[in-house]
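See below for the structure under consideration.
The values are calculated or read from the model by the stated rules, or taken from the named source; none is laboratory data. Note that the structure is a prediction, hence the values are computed from the model and not measured. A quick note on method: Cβ atoms are made from the backbone with ideal geometry, for glycine too, and the neighbour counts reach across all protein chains shown. Side chains are part of the model used for accessible areas, which takes the heavy atoms of the whole protein and leaves out ligands, DNA and RNA. Shrake-Rupley method; radii C 1.70, N 1.55, O 1.52, S 1.80 Å.
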Amino acid sequence: MATAAARDTAGSQAYDAPADAGDTAGYERAFDAAVAADERIEPRDWMPDAYRATLVRQIAQHAHSEIIGMQPEANWITRAPSLRRKAILMAKVQDEAGHGLYLYSAAETLGTSRDELLDKLHSGRQKYSSIFNYPTLTWADVGAIGWLVDGAAITNQVPLCRCSYGPYARAMVRICKEESFHQRQGYELLLALSKGTPEQHAMAQDAVDRWWWPSLMMFGPPDDESQHSAQSMAWKIKRHSNDELRQRFVDICVPQAESLGLTLPDPDLKWNEERGQHDFGAIDWSEFWDVLKGNGPCNEQRLTRRRQAHEEGAWVREAAAAHAAKHTNSETGAARA
Ligand SMILES: CC(C)(COP(=O)(O)OP(=O)(O)OC[C@H]1O[C@@H](n2cnc3c(N)ncnc32)[C@H](O)[C@@H]1OP(=O)(O)O)[C@@H](O)C(=O)NCCC(=O)NCCSC(=O)Cc1ccccc1
């Protein structure tokens with residue numbers, strides 16, 4: 001059997017599949033053995049239908065989050081306080097579009113088309129991250145998104161670089177590198193505000209107060225309410241539970257908040273010597289489920305804008321398809337001649 005590294009360079013190839021193509025139990029055993037041995041599953045490998053469906057669900061939701069996630073920050077591009085900040089923010093928002101595209105491509109390797117996924121997003125049949133249903137009220141929110149939202153995204157996504165499905169795992173490597181830059185720019189932006197005038201400091205604190213709890217919700221429901229975690233962890237799609245990653249994020253943020261000179265809005269947040277981790281207050285899960293149902297402050301605005309952008313982009317898709325067809329025809333013509 002090829003090692004994960006060898007398979008990464010070799011591209012798509014089947015793991016040790018049974019000789020008899022009708023031997024479903026044999027395929028299942030080979031798939032389970034490949035997952036147990038930490039091998040990568042590649043697009044042409046046999047995989048259980050439910051594994052494929054779980055990946056499409058998660059990767060599509062992830063891709064949609066990147067694309068919808070462009071909106072809250074793009075809201076501030078025209079109002080960035082300096083040319084430097086504007087250039088950084090434009091680069092960040094462009095990176096997010098790129099992440100969405102890698103992820104849609106990864107989902108396409110599972111036999112689902114991008115049109116189908118976008119249609120499901122636009123009709124509300126597939127989700128995107130709850131976090132992007134909150135408004136960006138001040139410039140400091142751009143910093144809070146970078147520090148907290150990108151910070152939470154990295155904490156969740158670094159383990160996904162070891163996901164059992166090859167195309168998703170490989171997409172995550174580059175995405176995590178770029179998210180790391182995003183997180184640092186958010187931290188640096190908040191630090192500048194925190195050390196600025198009393199008004200700027202207050203604006204930074206207010207942004208952190210509003211984004212802290214929704215950032216903790218990004219990791220998903222508590223483990224005992226997470227319907228997909230057990231199976232996704234058995235398949236090594238997810239490597240850690242929602243609560244484990246949430247705890248890791250809290251422990252990372254506490255010293256960073258101190259260095260920023262900002263406080264986290266949780267009176268119950270304190271170091272637990274025995275556990276070697278921070279205790280933190282109760283999350284308002286009713287708010288989370290309500291946002292998922294479409295009742296967050298910006299759900300309607302985000303989806304309306306997305307549908308509108310898709311319609312406005314129709315001519316670009318048509319022109320690209322016409323160009324590709326012309327190119328293919330002229331190549332075919334050249335080959336005939
Ligand atoms: C951990 C989890 C999100 C959820 O674990 P699972 O095992 O999949 O589910 P579980 O059983 O625990 O949940 C039960 C139900 O609840 C749903 N649900 C749960 N949580 C959420 C939520 N927060 N929002 C909305 N829905 C949520 C879940 O889908 C399921 O519903 P379903 O049955 O599908 O209808 C997982 O899918 C994952 O790691 N995804 C990849 C990472 C990813 O997508 N990152 C996105 C942010 S990227 C970013 O931020 C970059 C950026 C930064 C700045 C600016 C711009 C861009």
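Structure notes:
- Degrees between helix 83-108 axis and first principal axis of the chain (Cα, 0 to 90, nearest 10): 30
- Cut-off 20 Å, label 7 Å out along Cα→Cβ of ALA325, residues of segment 108-131 by amide N: 114-116
- Mean separation of Cα contacts under 8 Å (6+ apart) over length of the chain, as relative contact order %: 16
- Computed from Cα atoms, the angle from the helix 166-194 axis to the main principal axis of the chain rounds to 10 degrees.
- A probe of 1.4 angstrom, applied to the heavy atoms of all protein chains, finds PHE181 with accessible area near 100 square angstrom.
- Over all directions, the projected convex hull of the C-alpha atoms in the chain averages 21.8 nm² in area.
- Carbon and sulfur %, accessible surface of segment 277-337 computed with the full protein complex present, 1.4 Å: 55
- Rounded to 10°, Cα long-axis angle of helix 49-68 versus longest principal axis of the chain: 40
- The chain, accessible area per residue, ligands and nucleic acids excluded (1.4 Å, Å²): 49
- Spatially proximal lysines relative to LYS92 (Cα-Cα < 18 Å; intrachain offsets below 8 disregarded): LYS177
- TRP212, TRP46, TRP285, reordered so the largest accessible area comes first (probe 1.4 Å): TRP46, TRP285, TRP212
- Measure of compaction for segment 23-180 (Cα Rg per 2.2 N^0.38 Å): 1.17
- Straight-distance crosslink candidates among lysines, where the alpha carbon sits under 24 Å from LYS120 and sequence neighbours closer than 8 are dropped: LYS238, LYS293
- Where a label projected 7 Å from the Cα of THR263 along Cα→Cβ would reach, residues of segment 202-236 with amide N under 19 Å: 202-214
- Extension gain, ARG162 back to ARG79 (0.36 nm per residue minus Cα-Cα distance, nm): 26.0 nm
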